[in-house]
Amino acid sequence: MSMAASISAQGRGLRFVTREPMLVGGVAIFLLLLLVGVVGPLLVDTGLAEIGAVRARRPPSAKFWLGTDGQGRDMIAALVVSLPQSLRISLFAGVIGLGIGIVLGLIAAYFHGWVDAIIRTLCDVAMTIPGIAVLVLVATNVRIMTVDMIALIVAGIAWMHPTRTMRSQTLSIISRPYIDVARLNAVVGLRLLATEVLPNLLPFIAASFVTAVSSALLATIGLEALGLGPQNELTLGGIIYWAHYNGAILRGMWWWWGPPVVVIALIFLSLLMISIGLDRIVNNRLSAAP
């Protein structure tokens, strides 16, 4: 393929993607949240997110736009510090869970037989166990909980659905005629998976990644809201836990629990819009395939 043809194909792909307003809107919201996490510390004094940094339980005012919590932290500074931490956990857990799922799904679909039976059985058994019960059991036995540790714990239950998805999609792809043609041309094993299967799985991998990140974020917030998250690092779920622990709702301190709930809702909204947009692209791609 010439350079001009490659650029033309990329241009068509970009125009196709931008025709999905849900995808564009979701990516825009998510990038805006990432920008807040990156640029926020340059614009806000993150030292005000430390316990006792300011006067506690102050309502929103000209000095503290979102007020202060019961532990003496400026809520804007707390959000700026906690947002990237929560995104880091969900992205890290999503990448690990999806990576394991892709590898296991490809292996199960390609080798068939007893290999497929073992992987499929492991997935079926693991999916019957309540994930939150496993997370709580593991988290309560971890002596020192950190952001990286909670991401690993969540990733431990995030591989089953990607494995099943990748297995089913791989089985569909390897049954197509062009795979038989590739095999006749001595393209087999890992080379076949890398050159013929994986490129056609990319849209499904992208959609599965968004789902994995959403599930990881939900599990993480659930753990943190139960008080099982990092105690020495500020996260969105941690803010909600301390607001509940100190009776912020009963005290009418909406500015303590409201802002993190809104930020979490925006994260889920952006991921939902991205998922819907990717799903439409995948379905249009499948309907256009011969």
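Read-outs throughout are calculated quantities, based only on the coordinates presented, and are distinct from any laboratory measurement. Keep in mind that this is a model prediction, so the values were computed, not measured. Every residue, glycine among them, receives a Cβ derived from its backbone with ideal geometry; neighbour counts consider all protein chains shown.
If you go through region 70-83 one residue at a time, do you hit one that is surrounded by 23 or more Cβ atoms within 10 Å (Cβ to Cβ), more than 22 Å from Met145 (Cβ to Cβ) and touching a Ser or Thr at 6+ places or on another chain (Cβ under 6 Å)?
yes
This table checks each residue for (1) touching a residue at least 60 places away in the same chain (Cβ under 8 Å); (2) of a type in the set (A, V, I, L, M, F, W, C).
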site: Gly40; (1), (2): no, no
site: Leu48; (1), (2): no, yes
site: Val54; (1), (2): no, yes
site: Pro60; (1), (2): yes, no
site: Gln71; (1), (2): yes, no
site: Ala78; (1), (2): yes, yes
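Inside region 225-244, can you point out the residues that are of a type outside the set (A, V, I, L, M) and part of a loop (DSSP other than H, G, I, E, B)?
Once the filter is applied, which keeps residues that are of a type outside the set (A, V, I, L, M) and part of a loop (DSSP other than H, G, I, E, B), region 225-244 yields Gly227, Gly229, Pro230, Gln231, Asn232, Glu233, Thr235.
Just to be sure, is Phe111 among the aromatic types (Phe, Trp, Tyr) and surrounded by 15 or more Cβ atoms within 10 Å (Cβ to Cβ)?
So Phe111 does not fit the description; no.
Residues in region 261-284: is at least one more than 22 Å from the chain's Cα centre (by Cα) and of a type in the set (A, V, I, L, M)?
no
Every residue in region 17-59 that is more than 23 Å from Asn232 (Cβ to Cβ), touching a helix residue (DSSP H, G or I) at 6+ places or on another chain (Cβ under 7 Å) and not in a helix (DSSP H, G or I), please.
Across region 17-59, the qualifying residues are Glu20, Pro59.
Can you confirm whether Gly105 is part of a helix (DSSP H, G or I), more than 24 Å from Arg191 (Cβ to Cβ) and not polar (S, T, N, Q)?
no
Take the residues in region 108-164 that are more than 24 Å from the chain's Cα centre (by Cα) and β-branched (Val, Ile, Thr); name whichever of them is nearest to Ala207 (Cα to Cα).
Checking each candidate, the answer is Thr121.
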